[in-house]
Amino acid sequence: MTVSNTSKRRQPSLAQLRAFSAVAEHLHFRDAAAAIGMSQPALSGAVAALEDTLGVTLLERTTRKVLLSPAGERLAVRAKAVLEEVVALLAEAEAVRAPFTGALRLGVIPTVAPYLLPTVLRLVHDRYPDLDLQVHEEQTANLLDGLTTGRLDLLLLAVPLGVPGVVELPLFDEDFVLVTPLGHPLGGRSGIPREALRELNLLLLDEGHCLRDQALDICREAGRADAPVTTTAAGLSTLVQLVAGGLGVTLLPRTAVRVETTRNDLLLTGYFAEPAPTRRIALAMRTGAARRAEYQELAAALREALRPLPVRVLGTGN
């Protein structure tokens, strides 16, 4: 049997790869050491040992900063991929040992979290008591980054995403309603035509919220050419209070109406003519996720649990 020279070489350890990957990300030894819970001397020694093992210089060290060498630039990508595969290997082993146990890091967008999490948490508590559900509320871009880098396992957010390597498990569609102050001519009405949005002073969420983009899309579909942005808010609760104060009107998803409007008697809710503007909410996971079967089962259980809400629950084929 012929043994290649490559197989005779020393193999880098996972600790060495983890240390180098942290330095490549932070370009700072102290920050990298803190990020992975290693002392700075141990981190520096691990990177030096990796350089010795590979026979290449990975870093250019100066008195002020750390830079990746050309070889370091190339090998940092490989090191990150190896570490991600190790995480996937451990997750696969955990899933095989016992489904719905261990940690599940769930990312949720802010315009969903307050309204669906009570249902999600109750379902997990009752049906999957051994599952350690960890919730992270962030905007869509951060959630997708967390999913693709392995920081998060599963997302609950508005779709479609159109992101390669991400699989969507649709849960439901829900209508948008028009929230107005008392005395507004459209307040409390049904059958409101979308074209009414052309003339309204519409209040929106800040940049980065997918609900803002959806509202702007609805306005464009209604024939409104300008972007109706005069006042914005960081969350739906603030947005609704601005409406109550008479600064304009806003669009709310149906799941948010009960929570956000019943606390203020200066608000009215109007309903659009069919077909009303809608949004779709889904779970999203990585393609080839180790716990794919669990996530699909969780999606099915969630669809049933969400039926009491004012939504149109979807089947797996939607």
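The values are calculated or read from the model by the stated rules, or taken from the named source; none is laboratory data. Worth saying up front: this structure is predicted, and the values here are computed from it rather than measured. All Cβ positions, glycine included, derive from the backbone under ideal geometry; neighbour counts span all protein chains shown. All accessible areas refer to the heavy atoms of the entire protein, side chains included, with ligands and DNA or RNA removed. Shrake-Rupley method; radii C 1.70, N 1.55, O 1.52, S 1.80 Å.
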Exercise for the section: May I ask for the distance between the Cα centers of the range 77-137 and the range 232-304, given as a whole number of Å? Expected result: 22
Problem - Longest to shortest principal axis, alpha-carbon extents of the range 248-318, angstrom - result: 49, 27, 22
Exercise for the section: Rounded to the nearest 10 degrees, what's the angle between the helix 292-305 long axis and the longest principal axis of the chain, both from Cα atoms, 0 to 90? Expected result: 20
Fill in the blank from the handout: Calc'd 3J(HN,Hα), the range 99-106, phi into Karplus 6.51 cos²θ - 1.76 cosθ + 1.60 (θ = phi - 60°), Hz, glycine/Pro = x, comes to x, 6, 10, x, 8, 10, 8, 9
Completion exercise
Residue-ordered couplings for the range 77-87, obtained by feeding phi - 60° into the Karplus form 6.51 cos²θ - 1.76 cosθ + 1.60 and rounding to whole Hz (Gly and Pro as x), are 5, 5, 4, 4, 5, 4, 5, 5, 5, 5, 4
Exercise for the section: Might you tell me the accessible area per residue for the chain, computed with a 1.4 Å probe and given in Å²? Expected result: 51
Handout entry: Cα-based equivalent ellipsoid, the range 176-318: semi-axes from gyration tensor eigenvalues, Å
Key = 30, 17, 15
Completion exercise
If one compares the long axis through the Cα atoms of helix 40-54 with the longest principal axis of the Cα atoms of the chain, the angle in degrees, nearest 10, works out at 60
Completion exercise
the range 25-119: relative contact order from alpha carbon pairs under 8 Å, six or more residues apart, as a whole percent, is 16
Completion exercise
The alpha-carbon pair-distance distribution computed for the range 134-239, with 10 angstrom bins and whole-percent values, is 12, 37, 32, 16, 4
Completion exercise
Relative to the compact-globule estimate 2.2 N^0.38 Å (N residues), the Cα gyration radius of the range 10-81 stands at a ratio of 0.96
Practice task
Provide the packing ranking of 25-36, 284-295, i.e. peptides ordered by the mean count of other C-beta atoms within 10 Å per residue, highest first.
Solution key: 284-295, 25-36
Exercise for the section: Just need the relative contact order of the range 154-242 here, percent rounded to a whole number, with Cα pairs under 8 Å and 6+ apart. Expected result: 25
Practice task
State, as an integer percentage, the relative contact order of the chain based on alpha-carbon contacts under 8 Å between residues 6 or more apart.
Solution key: 20
Practice task
Convert 25 °C to kelvin, take the viscosity as 0.890 mPa s, use the Kirkwood radius over C-alpha pairs of the range 1-132 as Rh, and evaluate the Stokes-Einstein diffusion coefficient in µm²/s, rounded to a whole number.
Solution key: 137
Fill in the blank from the handout: Per the Kirkwood formula over distinct C-alpha pairs, the hydrodynamic radius of the chain in angstrom is 22.8
Practice task
Hey, can you grab everything whose amide H is under 5 Å from the amide H of LEU133? Only 5+ residues off in sequence or another chain; H modelled, so Pro and N-termini drop out.
Solution key: LEU104
Fill in the blank from the handout: Using the Cα gyration tensor of the range 118-161, the equivalent ellipsoid's semi-axes, largest first and to the nearest Å, work out to 22, 12, 8
Completion exercise
Placing +1 on each Lys and Arg Cβ and -1 on each Asp and Glu Cβ in the chain, then taking the dipole about the Cα centre, the residue among GLN11, THR269, VAL259 whose Cα reaches farthest towards the positive end is GLN11
Practice task
Work through the residues other than ALA290 whose Cβ is under 10 Å from its Cβ and net out their charges, Lys, Arg +1 and Asp, Glu -1.
Solution key: -1
Exercise for the section: Would you compute, from DSSP H runs of 4+ residues alone, the mean residue ellipticity of the chain at 222 nm, taking -39500 (n - 2.57) per run and dividing by the full residue count, rounded to the nearest 500? Expected result: -13500 deg cm²/dmol
Problem - Share of carbon and sulfur in the accessible heavy-atom surface of the chain [1.4 Å probe, %] - result: 53
